Structures are given as structure tokens and as C-alpha cells.
Protein chains: 2
Amino acid sequence: MQQTGTPNHFKAAVTVDNVIFGFDGKSLKVLLIYRGAEPFKDRWALPGDFVPLDENLNQSAIHVLRSLTGLDNIYMEQVHAFGDVNRHPFGRVFTIAYYALIKVEDYQVQASSWAEEAAWFPINEIPELPFDHMEILEFAKQQLRNKIRTQPIGFELLPKHFTLTQIQELYEAVLEREFDTRNFRKKLLSMNLISETGYRQTDVSHRPAMLYKYDTKRYNRFLERGFSFDI
Amino acid sequence: MQQTGTPNHFKAAVTVDNVIFGFDGKSLKVLLIYRGAEPFKDRWALPGDFVPLDENLNQSAIHVLRSLTGLDNIYMEQVHAFGDVNRHPFGRVFTIAYYALIKVEDYQVQASSWAEEAAWFPINEIPELPFDHMEILEFAKQQLRNKIRTQPIGFELLPKHFTLTQIQELYEAVLEREFDTRNFRKKLLSMNLISETGYRQTDVSHRPAMLYKYDTKRYNRFLERGFSFDI
DNA sequence: AAGCATATTGTAATATTTACAGCAAATCAC
DNA sequence: GTGATTTGCTGTAAATATTACAATATGCTT
């Protein structure tokens, strides 16, 4: 109980694993990679990597995300640390799980070593995952649900301009329940977090919907006053 | 990005640090220990220890709590993992923070090596803490606040029999705001989670209050039906 | 021009939250 | 034992938020 630390203690490894969420307008998706090395070679798994000894934990999570997607400035949150003795076949490996929210439109399958090794899976069609990745995914889903109900993070998953129907479908996909359209819009608009862009949908074979954008300034103003977003 | 793990990766240490909350009827308190070894010898700090290579992470947190308080079956939750490169002077040490809620009445300063080495500090009178323990404490406080508003965990901090005034003061101490007595009681009682014991306070120099107890059965019944506790 | 598909909007009933104050019951001091 | 003191205990009305519910609007297709 002294936290002195004997040489014997410095024998663990730490990884980060990322649950990368995307939304394609229909269902919530997760980005998985096809493992090219042991253990669990040729299996779909959460993207992750060892944390180098000279890199901060959070930075490591950002690094994994960037090397996979090329994206920067992405919304990320730590989910949980997992550290059962036998969770990794090669030794004592702790992992810290993060989730990230990305706009699918911004994500290009990189013309790189990753080109054919990453794919989006609908949240309800996830293959069997190695390690404790299934458990990690469950934790991440639950945390996303809790968060999206009280903080306006849904916008991180949507294009810059979006319709009210799109955001409703996002909330329905994440929370796995339906909302009444009139009530949902009433509440969302009353929060004054989004505003009309003045543009409308094009290339749809029906009445085009108004496009909205998320208004960061207003959100920050509300945050300062102590504001509760709840949907 | 392969999670293969070279020998070079297995050079980190992992600790757990516990934020142990108690409530004495007046203010929220945290149990700190007086460090007897380097680094930061003779400083107050959060109780913690290295995670042995053959012990599960969660088990390790429970272990730290038991060896300090002698208590078992305690409410604990993981808070966050901290892993900045230089957070520990002796090497790369990750820490996983937990918080625990204990009934102060059950905690006896152990007639052990810990006897004079642990003390309760009011949440607003915490001395300067070593490592990143201040940050850890802030995370734990915030998580406790979030949790206590939506799950009936407040009871973990109260004696088996308590008055409505006590539970209100607990909520006021944790959430750092005041509640209207009538409204607070109305809402709490309407949840049907507590019931009268039939006993009253004794040894008070004023009208004695009715003693209540937490009704676990009812809570479990509600949980199954999908129940939302919100105060 | 008619049909199709999705977008958009309001109202009434109900439930929840908030604001607010006076009497009750036990001990204490004299 | 009487009055003072301290904390316990309780209800109602107004305001606000939530829920349930369906008809019209608009652009495109044929």
C-alpha cells in the first residue's frame, strides 16, 4: 500500500481500444478492423494498439483513431478500463476503452495498408469479437446512450447540414426507441441549439426538407449559464 | 496496430486509487492516508496500491478498500483511467481510479498499521494531494454527483435507519445545492424506495424524527420494470 | 393533373415541478 | 410546569413540461 513500486511491478502492458461510432442515416455503425497478426489473426476486432511508454494515454487513443481514419479533432471519450488477468493470451495487458463519434461522410477508407482491413458494421450485426471486445462494445454503447440524452453530442455523428428527420432517426437508432415527430421537433427546437441554414435538400423525389446546422455559439452560451440538455 | 505485443511493451505498472466517500450527517468526507514511503512520503494522499500481475483489476480495488477499512461488500465504481507519461516519478505508472461509498458508522479505524495513518477530510478542506490525485478526486466527485441523481445510491452512505432530514442533507452536501423540504420529501416518498421503521430518533433535544429504512426489494422490483430514479 | 412520398405544424389532456408557511412535538431553562 | 426553543412535518395552487394525436403542404413522378 505504499505505491513505491518494485521492479516486479513494471511488467504489465497497456493498450487502448476504440469503439468508433458512425451513422449512415439509417443505423448506428461501428468501425472494426480485420486483424492481420496474432493473436486472433483474421478476426474482426476493435481497433487498438499498445500505448508507447513515452506517450500519454489520451494521446494514444487519438493516435489510433487518426492512423485508422486520417481524421483529427474528433469527439472522443474514455469509457472504462478493463484488466482481468486472462483477458489477453500473451500476458498481462490492461486496456483502456474509448469511444469516438465521426461523421461517416468525412471518413474515407484510406488508400493505405488499411484499405481493405476496416469496415462498418451495423450495431446489431456485430460478428463475434475476440478478447473482451464484446463487453467493451456494450460499455461503449451504454455510455453513448447516457451521454447523448444529456449532452448535444448527436451532432458529432451528423453532416454539417442535416434535416430534422435525420437527427430524429439518429436518436432513435442510438436510444433504440421511437419518438413522436411533433414532440421531438418541438423539444429540439426549443433548446435553440440548431438553426436553419436557409437551404433545402436536393435530389430527393419528394418534398425536400429544410437543412439545419448546429449552433456552437449558442451551445457555449448555454453551457456557461448552466444548461441541461435532455431528450 | 497489431496488438501483438513485443517484450518492450511489458514495462508499465498499473495501480488502483480509491476515493472513499463518507457522510457524517453534516458534510461529505473523503478518507485519505498518510504516506509512509516514497514517493511523496509524509503527504496525505488517496489510498491505492499496485495491481499484482495475478489479480484482476476490480479485485485489486476491492482489496485496497478492505485492507484499509476492513469492510467488505462495499459499493464501488470505476471512475477513470489516468495515464500521463510523467504522472509518477518512478516510471510509467497508469492508475485506475475507483470511488467507494461507505457508512461511516461501520468504519472503525483499524487497530493496525493503519491506525493513525488514515483520516476523514471534508470535501472542501482537502490538503494538497500528490500525483494527479486532485484531478482524480474531481473526477470522482463529478461522477458521484451524476450517479446519485439517477440511481438510489445515497443509501450506501447512510446508516441503516435514517431520518428524512439526514437524507436531504446528504443530497444537499453531494449536489451542493438546497432542496425545498416539502418537495424533496414528496418526491422521495413517491418513489416508494424507503419505508418507515416504526422507530423514532432518541436522545435529541427536540421533536424526534421518524426513522426510515431503504427497501431493497422494492428497488429491485422497480429495476426490473425499468425504473428511473431522478432527484 | 393525379398520385406518391415525405415534411411540417397545433392543441388539449395529463403529469411534473415549483413556490410557499404554519402547526406539531419533544426538550430545555427558568 | 410554563414558556421558549428547536426541529419535524404537512398541502395547495400556479407554472411548466410531457404526452397523445392527424391533417395539410410541397415537391417530384408519371
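The values are calculated or read from the model by the stated rules, or taken from the named source; none is laboratory data. Because the structure is predicted, anything quoted here is derived from the model rather than measured. Backbone-built Cβ (ideal geometry, glycine too); neighbour counts: all protein chains shown. Please note that ligands, DNA and RNA were not included when accessible areas were found on the heavy atoms of the full protein model with its side chains. Shrake-Rupley method; radii C 1.70, N 1.55, O 1.52, S 1.80 Å.
A few notes on this one:
- Region A:174-183, residues that are open to solvent by 100 Å² or more (accessible area, probe 1.4 Å) and more than 25 Å from the chain's Cα centre (by Cα): A:ARG182
- Top-ranked residue in region B:187-197 [being of a type in the set (A, V, I, L, M, F, W, C) and free of Cβ contacts under 8 Å to residues at least 40 places away in the same chain; ranked as surrounded by the fewest Cβ atoms within 10 Å (Cβ to Cβ)]: B:LEU189
- A:GLN166 within 16 Å of DNA strand C (Cβ to nearest atom) and either assigned to a helix (DSSP H, G or I) or open to solvent by less than 30 Å² (accessible area, probe 1.4 Å) (or both): yes
- Screening A:LEU137 with (1) more than 16 Å from DNA strand C (Cβ to nearest atom); (2) open to solvent by 40 Å² or more (accessible area, probe 1.4 Å); (3) on the phi < 0 side of the Ramachandran plot gives one miss only, at (2).
- In the condition set (1) part of a helix (DSSP H, G or I); (2) within 20 Å of A:VAL30 (Cα to Cα), A:ARG177 is compliant with all but (1).
- The listed residues are A:VAL14, A:VAL93, A:VAL19, and the only one of them that is open to solvent by less than 10 Å² (accessible area, probe 1.4 Å) and more than 9 Å from chain B (Cβ to nearest Cβ) turns out to be A:VAL19.
For every residue, the table says whether it meets (1) surrounded by 17 or more Cβ atoms within 10 Å (Cβ to Cβ); (2) closer than 20 Å to B:TYR98 by Cα; (3) within 16 Å of DNA strand C (Cβ to nearest atom); (4) under 25 Å from the mean Cα position of the chain (by Cα).
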position	(1), (2), (3), (4)
B:ARG185	no, no, yes, yes
B:TYR199	no, no, yes, no
B:LYS217	no, no, no, yes
B:PHE229	yes, no, yes, yes
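Conditions (1) at pLDDT 95 or above; (2) within 21 Å of A:VAL104 (Cβ to Cβ), marked per residue:
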| residue | (1), (2) |
| --- | --- |
| A:PHE121 | yes, yes |
| A:ASP132 | yes, no |
| A:PHE162 | yes, yes |
| A:ASN192 | no, no |
| A:THR216 | no, yes |
| A:ILE231 | no, no |
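- Unmet requirement for A:SER67, which otherwise passes all of (1) open to solvent by 10 Å² or more (accessible area, probe 1.4 Å); (2) more than 7 Å from chain B (Cβ to nearest Cβ); (3) of a type in the set (Ser, Thr, Tyr): (2)
- In this structure, B:TYR171 qualifies as within 15 Å of DNA strand C (Cβ to nearest atom), open to solvent by less than 30 Å² (accessible area, probe 1.4 Å) and not in a loop (DSSP other than H, G, I, E, B).
- Single residue of A:PHE155, A:PHE131 found to be closer than 24 Å to A:VAL19 by Cα, part of a helix (DSSP H, G or I) and aromatic (Phe, Trp, Tyr): A:PHE155
- Qualifying residue in region B:46-62 (condition: in contact (Cβ under 8 Å) with a residue 60 or more places away in the chain and either crowded, with 19+ Cβ neighbours inside 10 Å or within 12 Å of chain A (Cβ to nearest Cβ) (or both)): yes
- Some residue of region B:23-32 being within 11 Å of another protein chain (Cβ to nearest Cβ) and touching a strand residue (DSSP E or B) at 6+ places or on another chain (Cβ under 6 Å): no
- Picking from residues in region B:97-119 that are modelled with pLDDT under 95 and assigned to a strand (DSSP E or B), the one that is surrounded by the fewest Cβ atoms within 10 Å (Cβ to Cβ) is B:ALA119.
- Residue match in region A:140-156 (condition: more than 30 Å from B:ALA12 (Cβ to Cβ), within 14 Å of another protein chain (Cβ to nearest Cβ), away from DNA strand C (no atom under 16 Å from the Cβ) and touching a residue at least 60 places away in the same chain (Cβ under 8 Å)): yes
- Among residues of region A:201-215 being near DNA strand C (Cβ under 10 Å from one of its atoms) and touching a residue at least 12 places away in the same chain (Cβ under 8 Å), the one that is farthest from the other protein chains (Cβ to nearest Cβ) is A:GLN201.
- Considering only residues in region B:70-85 that are more than 8 Å from chain A (Cβ to nearest Cβ) and acidic (Asp, Glu), the one that is nearest to B:GLY154 (Cα to Cα) turns out to be B:GLU77.
- Any chance A:PRO7 is more than 8 Å from chain B (Cβ to nearest Cβ) and farther than 20 Å from A:GLN108 by Cβ: yes
- Restricting region A:164-192 to residues that are more than 13 Å from DNA strand D (Cβ to nearest atom) and more than 14 Å from chain B (Cβ to nearest Cβ) leaves a set whose member that is nearest to A:LEU223 (Cα to Cα) is A:ILE167.
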